[in-house]
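Below: one structure, written as structure tokens.
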Amino acid sequence: MNDDVPAALNTQIATFASGCFWGTEHIFLKHYPPSEKKGIIKTTVGYTGGKADATNPNYKLVCSGTTDHAESVKIEFDPTIVSYADLVEFFYRTHDPTSVNRQGGDIGTQYRSAIFTHDSEQEAIAKRVTEKVQEKHFTPLGRKIVTQIVPAGQWWDAEDYHQLYLFKNPHGYQCPTHRLHW
């Protein structure tokens, strides 16, 4: 699925980047399993947010740093069950949004913290939640959120072997920042 059109009329799309997409996808699905109807319908890992001429990227090219694309997770969700604001706050709970272009030992623009918004309402919600999280969780520590909040652009699905990677490979690599921080 390479477009941003939700599969059903009552679903929306949220797109987040918070380091290696394996761990980002895994922690969202672990806490919002579709089988338990907690609001997430489907996830897809892929690439977005890079140079306009870096089309149809693959993992090797994104990891080279030449595309400026972020490893990202596109989440189809039901806003009558889980709100976009709740997903944004969960996103912040599950990684270090104060580090530039890295999560743990993963370093590069592809591992940056970013929220790719799909409309002006999502942008306003993302900014509001960011301010709240900053004030409550990071200002007291003397740290500043560096997460980019930018309009969603072209999306490319990652290769099939990346989809649901940590469910298929439970002992695979997972960045240590992908955990609940509060």
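The values are calculated or read from the model by the stated rules, or taken from the named source; none is laboratory data. Predicted, not measured: the structure shown is a model, and the values here were computed from it. Because the Cβ atoms are built from the backbone with ideal geometry, glycine has one as well, and the counts that use them run over all protein chains shown. In case anyone asks, the SASA skips ligands and DNA or RNA and just uses the protein heavy atoms, side chains included. Shrake-Rupley method; radii C 1.70, N 1.55, O 1.52, S 1.80 Å.
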Please go through the range 91-101 and pick out each residue that is closer than 18 Å to His26 by Cα, touching a Phe, Trp or Tyr at 6+ places or on another chain (Cβ under 7 Å) and open to solvent by 10 Å² or more (accessible area, probe 1.4 Å). Arg93
Within the bounds of the range 66-75, is there any residue that is farther than 15 Å from Ile149 by Cα, at pLDDT 95 or above, open to solvent by 10 Å² or more (accessible area, probe 1.4 Å) and not charged (D, E, K, R)? yes
Between a residue in the range 76-91 that is modelled with pLDDT of 95 or more and any residue that is in a loop (DSSP other than H, G, I, E, B) and among the aliphatic types (A, V, I, L, M), which pairs come within a Cβ distance under 8 Å, given they are 6 or more apart or on different chains? Glu76/Ala7
Quick check, is Phe138 open to solvent by less than 50 Å² (accessible area, probe 1.4 Å), out of contact with any Gly (no Cβ under 8 Å at 6 or more places or on another chain), of a type outside the set (Val, Ile, Thr) and in contact (Cβ under 8 Å) with a residue 12 or more places away in the chain? yes
In the range 160-174, how many residues are exposed (fewer than 14 other Cβ atoms within 10 Å of the Cβ) and in a loop (DSSP other than H, G, I, E, B)? 5
Could you identify the single residue in Gln154, Gln148 that is within 13 Å of the chain's Cα centre (by Cα) and polar (S, T, N, Q)? Gln148
